[in-house]
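Shown next, in structure tokens, is the structure this report addresses.
The values are calculated or read from the model by the stated rules, or taken from the named source; none is laboratory data. Quantities reported herein were computed from a predicted structural model and do not represent experimental measurements. Cβ placement follows ideal geometry from the backbone for every residue including glycine, while neighbour counts extend to all protein chains displayed. Just the protein is used for accessible areas: all its heavy atoms, side chains included, with ligands, DNA and RNA removed. Shrake-Rupley method; radii C 1.70, N 1.55, O 1.52, S 1.80 Å.
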Amino acid sequence: MLLGARRLAVCVVLAGVVGLPLAFSWAVTHTTVETQVGTSPTTLTLSTQGASQVRLGIAGTVYVPTAAGPFGAVGMIATVDGPGDPGAGDGDLANYVRPEMLELYAGLFHDPQAAIDEYVGLVEAELRYQLLVAIAVVAGLGGLGLYALVEVLPVRWSREGRRDVARLGLAVVLVLSMTTGLAWVQLRGSAGGRGPTSGGYALSALDGTLAAGATTDSPVLRLLLGGAIDKAGVLVKRQEARDREYRDLAEAGLTAQADAMTGPREGELAVMMQSDMHCNTTMIRLQRQVVSMLDRAYGGEDDEDAVPSLLAVSGDLTTNGTAAEGTCIRDEADIAGRAPVVAIGGNHETDVSLDQMADAGMTVLDGEVDEVGGVRVLGDTDPSRTELFGGSTLRGDESQDGQGERLRQEAEDAGDDQPDLVMVHEAYAAQAFLDVESVDDLLTDPPPAPAEATTPVADGDDGVPDVPASAVFYGHWHRSLPPRVVWNSDGTWTLVMELDTSGGAVDTPTITNFSTPWSRPQQEASFPVVFLDEDSRLVTGYQLYRFDTDGTVTVEPRVDVGAPPEDTDDTEDAGDADGAVPAVTTD
């Protein structure tokens, strides 16, 4: 039995070795990635002709002398299916270089090398997967076939062992040569191994860029790209200048208001919230500055004493969920500094985005209570997916209402470990979790005064069922509304807060009005730092940071929420100690 197992193992290894060339050629010819480049649906495949291509259909093809892999022979082919703009018509070539499209792509691909690296990473991951599958199939089936052959035609070793080993080695080399030849034929005969590798028209406008030496088969494309590259360069410089001007103003504003920044009181944890950042590089840096200032002022030496203790992201980290946005996802993870990051996907994230978020070290919630940074958090990715400039579709069968109901059941089932924070992306999920008809009415009808929003109602009944969480957050609408407190029958409370866009992004982008990662905030950007009591797990206050479109920064005073403390003097002392305003309460 043991001898048979050893023989089978040897046969599998031999089959895997001699079949490796066939496995490699199969993997290369079957590696296909469906993705988006900006707003354009794009198919990425591999070329074995030592060059890369960007295929624009009837518009023409750009040939780039860039390749990698064995002997520098493997390049990438990007087949682009039109500009991807609903207002761009039927793929007219001129639409690729419309002023609006140039502005969009200059913002989305400000650093082309970083974007290319992300797409190459996608293709490499798919190639590795295909290669592993192919090796497993070749080694498994080939090994079983070889083992069966050995059993039918027993191989007896002679006394001249060295000669037998030599014969076996020669046989392996011969078979390996045959499989290598077959693999070469397969590669050369595939779609990625045929056709031209260069065009008749040099694209001198790309000299000095990543695509230096590129050519095209279209004289019209050469003409259009020549002008477009120069215009894109001007746009990039303009974007950088605007970003630098805004950031300088905002950084100075934060520094001037350092004394107004409130840290956690004794026995509290601080959680920085974020939603709808949409990869805005300016606001990513500014939120990182706020974290750094808070940590220097209030944090301890150990990482578990970082302030804030957690960065919680309620979706829409990206603009369109493309692979190119992996760089900004890592930058957003870095906002937290020493603290961990917990996040959910919004309606603009894709499966690629969720993988990138996890790879960046974020805890991506999937519908179960998870403790991160000492805070119990519950949430899940938005059931809806929205294309930039496009419509929305459900990812599966679940709606926002269904998600909210499911998360409420999860929170109720958690018992004593019910979540401190619940994060969903859209209000429809939040109102289903709260079991109210309209969370919008709860926050805006009538617009509450601060004291009414944060202290118990006179009769103790606010018309909202008890909520199995200390706070519920959602975003998506890109607006700033005062939060409300829902009062539970056991005397506890739940903060309900709609999060504004942390990136100052336009709510409903169109081809003539949109935000990109390199746009300065197009509308007010804001985010809160929320404070939780470590013992009761209840939210005790929050502080808002606002950034206007002109670079003006406002650090608002801390607002205390919850039941008025029994000892008013203690509250005032706490406020004096850390610079926070006294609790906003009513008798």
Quiz item: Accessible area per residue of the range 259-352 at 1.4 Å probe, in Å²?
Solution: 29
Quiz item: Got a sec? What order do 30, 476 fall in by accessible area at 1.4 Å, biggest, i.e. largest, first?
Solution: 30, 476
Quiz prompt | Å³ per residue enclosed by the Cα convex hull of the range 380-441 | solution = 98
Quiz prompt | Whole-Hz ³J(HN,Hα) from phi, Karplus 6.51 cos²θ - 1.76 cosθ + 1.60, for the range 497-505, glycine and proline x | solution = 9, 8, 8, 6, 5, 6, x, x, 8
Exercise. Starting from the residue with the highest accessible area, list 413, 462 in decreasing order, probe 1.4 Å.
Key: 413, 462
Practice problem: Rank these by accessible area, largest first, 1.4 Å probe: 384, 536. | Solution: 536, 384
Quiz prompt | Kirkwood-based Rg to Rh ratio, the range 173-213, C-alpha trace | solution = 1.31
Practice problem: Could I have the simple spin-label model distance between residue 301 and residue 244, label points 7 Å from Cα toward Cβ, reported in nm to one decimal? | Solution: 4.0
Quiz item: Roughly what would the spin-label model give for residue 217 and residue 535, points 7 Å off Cα along C-beta, in nm?
Solution: 7.6
Exercise. Given the peptides 124-132, 306-314, 328-336, 256-264, arrange them by the average over their residues of other C-beta atoms within 10 Å, most packed first.
Key: 306-314, 328-336, 256-264, 124-132
Quiz item: So who's got an amide H within less than 5 Å of the one on residue 504, skipping anything under 5 residues away but keeping other chains? H placed 1.01 Å off N, in plane.
Solution: 526
Practice problem: Report the FRET efficiency, 1/(1 + (r/R0)^6), for residue 289 and residue 182, where r is their Cβ-Cβ distance and R0 is 51 Å, rounded to 0.05. | Solution: 0.30
Quiz item: Each label point is 7 Å from the Cα along the Cα-to-Cβ direction; what then is the distance between the points at residue 207 and residue 6, in nm?
Solution: 6.7
Quiz item: Which FRET efficiency value, to the nearest 0.05, is calculated for residue 392 and residue 351 with the Förster distance at 22 angstrom and r the Cβ-Cβ distance?
Solution: 0.85
Exercise. With a cut-off of 15 Å, note down the residues of the range 168-209 whose backbone N falls inside the zone around a label point 7 Å from the Cα of residue 113 toward its beta carbon.
Key: 208-209
Quiz item: Is the shape of the range 236-311 best called rounded, prolate or oblate, per the rule: a/c under 1.5 gives rounded, else a/b larger than b/c gives prolate, else oblate, with a ≥ b ≥ c the square roots of the Cα gyration tensor eigenvalues?
Solution: prolate
